[in-house]
Amino acid sequence: MTYRSIDTHVHFWKYNKARDAWMENMKALQQDYLPEHLMLNLKRNGIDGCVAIQAAPEEVETRFLIELSKTHDMIKGAVGWIDLLSDNVEEKLHEFSGYNIIKGYRHIVQAEADDFLLRKDFQKGVRALKQYGYTYDILIYPTQLKPAIEFVSSLPDQKLVIDHCAKPEIRHKKITEWKSLMKEIAQKENVFCKVSGLFTEAIWKEWAPADFYPYLDVVFDVFGTDRLMFGSDWPVILVSGIYVQWKSLLEKYMENFSTEDKEKFFGLNAIEFYNLQT
């Protein structure tokens, strides 16, 4: 069996005002979001499973995702968090390697200085992922793309994926420099890209589908359908739209693509990249 579609980017949390301060201006997110709240969305949109992505920089977050996966078959993989700057990173990786649901790790680099990815201690931590077959999700803003290019160049054998197309400034219609840097980073064949999270980079709830097409044109051109993956960024997407709008927008954009390309984008690439059980 092959999953028809995989959502490569969803979050789950039990809302905590102190921990989740980043939601301050996002009223819709200030509540619990758990697998049971997503299940109907997946079913209605023909999605057969999801990859749960860490939302808080805490090791307890990784354990939280592991526990959720034990009771929810819809979670096919999880991208957790450990301190990749720590001296005991290998010890932690070994500890979590006993849980097959963990497919990779992420650090919220968008909250760090622009040159954070160039830190030698951080690169050492990411380099340790390879021996366990783990992936690494790159969460950055466009201003961090230049150091990200240097970062990925130093990790030619590591499976890497850019989250949310590196968050282009759609609301300001900025595209030129982002386009150039995305073209450059896409030349590294071990780098994939998630087509996700773009609703929240446009003017919330005031966007039109055409606002996204120039950005979609770029990533489909430079990565091709072999290295792009569908993601919703649920529930963050809810501040600017709903699940079916994003899935439908992408289906409309790809209406003239081959069936093979659609299958890769909506599921097969995710299964291969995250080593999901089919």
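The values are calculated or read from the model by the stated rules, or taken from the named source; none is laboratory data. These numbers were taken from a predicted model, which means no experiment stands behind them. All Cβ positions, glycine included, derive from the backbone under ideal geometry; neighbour counts span all protein chains shown.
Things worth noting here:
- Taking residues in the range 242-261 that are under 16 Å from Gly46 (Cβ atoms) and modelled with pLDDT of 95 or more, and partners anywhere that are among the aromatic types (Phe, Trp, Tyr) and surrounded by 17 or more Cβ atoms within 10 Å (Cβ to Cβ), the pairs with Cβ atoms closer than 7 Å and at least 6 places apart or on different chains are Tyr243/Trp234; Trp246/Phe199; Leu249/Phe212; Leu250/Phe230; Met254/Phe265.
- Number of residues in the range 74-118 that are more than 21 Å from Tyr274 (Cα to Cα) and either touching a Cys at 6+ places or on another chain (Cβ under 8 Å) or of a type in the set (Gly, Ala, Ser) (or both) equals 3.
- Candidates in the range 18-44 are the residues that are of a type in the set (S, T, N, Q) and outside any helix (DSSP H, G or I); of these, the one that is modelled with the lowest pLDDT is Asn25.
- Being touching a Leu at 6+ places or on another chain (Cβ under 9 Å) and not aliphatic (A, V, I, L, M) holds for only one residue in Gly133, Gly98, Gly80, and it is Gly80.
- Test for Gln144: is it of a type in the set (S, T, N, Q), in contact with a Ser or Thr (Cβ under 8 Å, 6 or more places away or on another chain), at pLDDT 95 or above and in a helix (DSSP H, G or I): no
- Selected residue (only one of Glu169, Glu184, Glu177 is at pLDDT 95 or above, surrounded by fewer than 17 Cβ atoms within 10 Å (Cβ to Cβ) and in contact with an Asp or Glu (Cβ under 8 Å, 6 or more places away or on another chain)): Glu169
- Consider the range 150-163 and keep the residues that are in a helix (DSSP H, G or I) and touching a Leu at 6+ places or on another chain (Cβ under 7 Å). The one that is surrounded by the fewest Cβ atoms within 10 Å (Cβ to Cβ) is Glu150.
- Helices (runs of 4 or more DSSP H) contained entirely in the range 166-278, each with at least 2 residues that are in contact with a helix residue (DSSP H, G or I) (Cβ under 6 Å, 6 or more places away or on another chain): 176-185, 213-223, 243-253
- The range 45-139 holds helices (runs of 4 or more DSSP H) entirely within its bounds, and those carrying 1 or more residues that are within 23 Å of Gly197 (Cα to Cα), in contact (Cβ under 8 Å) with a residue 40 or more places away in the chain and out of contact with any helix residue (DSSP H, G or I) (no Cβ under 6 Å at 6 or more places or on another chain) map to 59-71.
- Cβ separations smaller than 6 Å between residues 6+ apart or across chains give the following pairs from the range 200-228 residues that are surrounded by fewer than 13 Cβ atoms within 10 Å (Cβ to Cβ) to residues that are among the polar types (S, T, N, Q): Lys205/Ser240.
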